[in-house]
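Written below as structure tokens is the structure these notes are about.
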Amino acid sequence: MSARGMDRRVLIKEFAGEMAQQLARYERLSVGKLQSDLFSDVQDAVDGEWIRLSASRSTMARKDNGNVVDLAGRLRRAPFLGIYGEVDLAELEDEMDPNEFYRALSVTPPKPGAIWVVYEYAGLNSIASYCVPAEERRARIPPKKGFFGNVVQPPELPPFRQRADYVVKGIMKKCIEAVAMLHEDGIAHRSIGRSSFVITSVNQDKQETTNVYMTRRQPLVIKLADFGFSGKLEEAAFDEEFCVRARTFGFSFKRGEKSLDVTNFAMAEDLHALGFVFLGLLLSTLAVSPRPGYQMPATDEDTMQRLLADIFEKDIDQFREYVDADEAWDDLVQLLDENDGAGWTVLESLFLARERAVENKGSSKIMTARGLLSNPFFKE
């Protein structure tokens, strides 16, 4: 991989215990489906030849290495965090020396009965860690010394419009594309949150795209991750909790029911969750302090849920008035107001996705993530 300029690093997650291994199982199933579709044009992969080569790695290492390199190449821009494989640690327990293990890998040995899932390395930055006001992130950069020993402060931030375009037409747009691909492959994520989206780069430096000065979208890659609660859209009604939530919106799904209404509501739940990811992203990263020492408003997910659902009862106009009343969001409100409130329309569509699924009950109408991309908010 190094010879081709690819990253040799990997991310390993340990799954220990019955519940964790169940999460790992769903993770492997969903990502496996996504990766299979990624290689639908490679006959050897479709026919299972890659699996046979991997199982015979001791004698076919050269060919298997080539397949791994091909996989890594396609995963670089894939909108999901790919999996290279897993390590069955049960096979190592009897002959594993804990000290030797630590010397070789610089990590403690795995817990008994655990499995390791090996992922592509995309860095460790997610929307959760990115949701900090730009001015606050700039303030954290340590000053440098100039040629004559004088203190040189970090450069000024890029203009608001450039930063906004990066967030909206870069990060948000790619998040929607990731969710759209997931749904088009027949999978529901079921646990979308700020940490579900990894912000990474197609280049070796995985942190460059989260730099506070970054406004170029070309190297930006967003990867959907954490598929432990995912499953097939059409099988969503096998989950009793899903059926209970659907009943609060007027659906009466039977356990195990497969229908277009089930699929629509499963997609709507993902879109609803995505709305709160976007709201936190916009209100935090595009907030501008009106004066030194200004206390920025809370933008954590619990606060946003309470404000939008409990206080404003999902009325986007009332919520806009709340946002408009704070000086820190003046520029953001202006951005969301453009093109007849296109930005607010996107947010409202996401927040009310479950209600739209109810309106479309019994019909062939579907609200999709892909459909959101036609909104003027994302146009160049």
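Here are the numbers for the structure shown:
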quantity: Relative contact order of the chain, pairs being alpha-carbon contacts under 8 Å that are 6 or more residues apart, as %; calculated: 17
quantity: The chain - mean residue ellipticity at 222 nm from DSSP helices (-39,500 (n - 2.57) per run, n ≥ 4, rounded to 500); calculated: -13500 deg cm²/dmol
quantity: Residue-normalised accessible area of the stretch 84-205, given per residue in Å² at a 1.4 Å probe; calculated: 53
quantity: Efficiency of FRET from Cβ geometry, Arg161 and Arg77, R₀ 22 Å, rounded to 0.05; calculated: 0.25
quantity: Label-point separation, Glu100 to Arg255 (7 Å along Cα→Cβ), nm; calculated: 4.9
quantity: Residues whose placed amide H lies under 5 Å from that of Ser126, excluding near-sequence neighbours; calculated: Ile199
quantity: Within a Gaussian network of the chain (alpha carbon springs, distance under 10 Å), most fluctuating of Ala273, Ala72, Ala309; calculated: Ala309
quantity: Accessible area of the stretch 263-316 divided out per residue, in Å², using a probe of 1.4 angstrom; calculated: 37
quantity: Unsatisfied cross-links (Cα-Cα over 21 Å) in the set Lys173/Lys223; Lys174/Lys206; Lys174/Lys258; calculated: Lys174/Lys258
quantity: Val132-Ser363 FRET efficiency (beta carbon distance; Förster radius 56 Å; 0.05 resolution); calculated: 0.85
quantity: Long-range Cα-Cα pairs in the stretch 237-290 (distance over 14 Å), rounded percent; calculated: 60
quantity: Tail fraction, Cα-Cα pairs, the chain, threshold 37 Å, whole percent; calculated: 30
quantity: Taking N as its residue count, the alpha carbon Rg of the stretch 130-229 over 2.2 N^0.38 Å; calculated: 1.33
quantity: Relative contact order for the stretch 276-367, counting Cα pairs under 8 Å that sit 6 or more residues apart, in percent; calculated: 28
quantity: Solvent-accessible area, 1.4 Å probe, carbon plus sulfur percent, for the chain; calculated: 50
quantity: In nm, spacing of pseudo-spin labels at Asn339 and Glu240 (7 Å Cα→C-beta vector); calculated: 4.5
quantity: Relative contact order, percent, the stretch 332-380 [alpha-carbon distance under 8 Å, six or more residues apart]; calculated: 44
quantity: Extreme residue, positive dipole direction of the chain, given options Tyr322, Pro154, Ile199 (C-beta unit charges); calculated: Pro154
quantity: Antiparallel bridges, percent of DSSP beta bridges restricted to the chain (to nearest 5); calculated: 95
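The values are calculated or read from the model by the stated rules, or taken from the named source; none is laboratory data. These figures come from a predicted structure and were not determined experimentally. We place every Cβ from the backbone using ideal geometry, glycine too, and count neighbours over all the protein chains shown. Just so you know, the surface numbers come from the protein's heavy atoms only, side chains and all, with ligands and any DNA or RNA stripped out. Shrake-Rupley method; radii C 1.70, N 1.55, O 1.52, S 1.80 Å.
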